[in-house]
1. Can you tell me the equivalent ellipsoid semi-axes for segment 151-202? Use √(5λ) from the Cα gyration tensor, largest first, whole Å.
2. Calculate the tail of P(r) for segment 61-181: the fraction of all Cα-Cα distances greater than 18 Å, expressed in %.
3. Which values of log₁₀ I(q)/I(0), to two decimal places, follow from the Debye formula for segment 118-212 at q = 0.10, 0.25 Å⁻¹ with a uniform point scatterer at every Cα?
4. Work out from phi, with θ = phi - 60° and the Karplus expression 6.51 cos²θ - 1.76 cosθ + 1.60, the ³J(HN,Hα) of each residue of segment 55-68, listed in order in whole Hz, and give x for Gly and Pro.
5. Across segment 247-252, in residue order, what do the Karplus-derived ³J(HN,Hα) couplings come to in whole Hz, using 6.51 cos²θ - 1.76 cosθ + 1.60 with θ = phi - 60° and x for Gly and Pro?
6. Assuming R0 = 45 Å, what is the FRET efficiency of residue 272 and residue 228, from their Cβ-Cβ distance, to the nearest 0.05?
7. Lys and Arg at +1, Asp and Glu at -1: add these up for the other residues within a Cβ distance under 13 Å of residue 139 and post the number.
8. So what J values fall out for segment 158-165 if you push phi through Karplus, 6.51 cos²θ - 1.76 cosθ + 1.60 with θ = phi - 60°, rounded to Hz, Gly and Pro as x?
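Bear in mind that the values in this text are calculations on the coordinates, not laboratory data. Worth saying up front: this structure is predicted, and the values here are computed from it rather than measured. So basically every Cβ, Gly included, is an ideal-geometry build from the backbone, and we count neighbours across all protein chains shown.
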Amino acid sequence: MLAAWLGSIGGTVFFGASAVAVSLWPEHAPAESAVETLVRCWSVLSHTAAPGITAAVAGAVTVALALAAIRTTVVGRRHTRESRRVRTYHREVVAIVARSRGDVMWLDHPLPMAYSVGGRPGFVVATEGLSACLSAGEREAVLAHERAHLRGQHHRIVNVCNVLAEVFPRVPLFAAAPTAVTTLVELTADQHAARVTSPATVRSALTAVSASTLPRPAGTLGLSNDTSLRLWKLRIEGRARWPWLSCAAMGTVSMVGPIFTVLAGAGAVSALVCT
Ligand SMILES: [Zn+2]
């Protein structure tokens, strides 16, 4: 599911930018044969349209693309600054009161909680309450979950989704992505933790940690999101036989699928309008 979302988002950005590039190309655009139907249809329409309409459309598209690129850069830089602020805060402030053991910063607090802070290198913050309230296996499951976030670059993926949602709030795919992708990275991290320990251990660790009332800092990923969905998923979890193959297949299908839909739609439109 996560691969499908990322494939759809990547495909939309790539093909959206390609469509603008093709419309602005001075002569015969690259890959024109693949979109020959569209180009022929467009040339029929542009020859029958008022003079200057092609230039006006091309100009408007260029301005829209430039504005989107500028806004993406501005919003992206703001999100990057915010992530850096969270990282710096943890390195400089939390490091003073926490004991660092390996890649985990341990806070002296009786309630169980853990979260991960992305970056190079990222790190995990956990409370001593994890050791006091959870079994050794459950504690290992919590840490494996947080390490999966760091290894999978989940913070960066969620960040990119947040930027796209802010820049293109009217594109439904981008608007829905932050919520859906945040949930899916939690499920992915749970899967990883279940492989390191067991689904039952992750379930009991999740139940114990989600009962904790400690708040999780903004800009971090923790164990306590969407608990009921995640408990249900861990209960029905079947082990994927070829996880990498299924990820690659889902990513490819979600990227390539829309091409066939568009070509079929363009073929139908040109058959009706342009013949
Ligand atoms: Zn998490």
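1. Working: eigenvalues 158, 22, 5 Å².
Semi-axis lengths for segment 151-202 are 28, 10, 5 Å.
2. Working: 4407 of 7260 pairs.
Counting every Cα pair in segment 61-181, those more than 18 Å apart make up 61 percent.
3. -0.32, -1.19
4. 5, 5, 5, 4, x, 4, 5, 4, 4, 4, 5, 5, 4, 4
5. 5, 4, 5, 5, x, 5
6. My answer for the efficiency is 0.40.
7. Neighbour charge sum, excluding residue 139 itself: -2.
8. In residue order, the calculated couplings are 5, 4, 4, 4, 5, 5, 4, 5 Hz.
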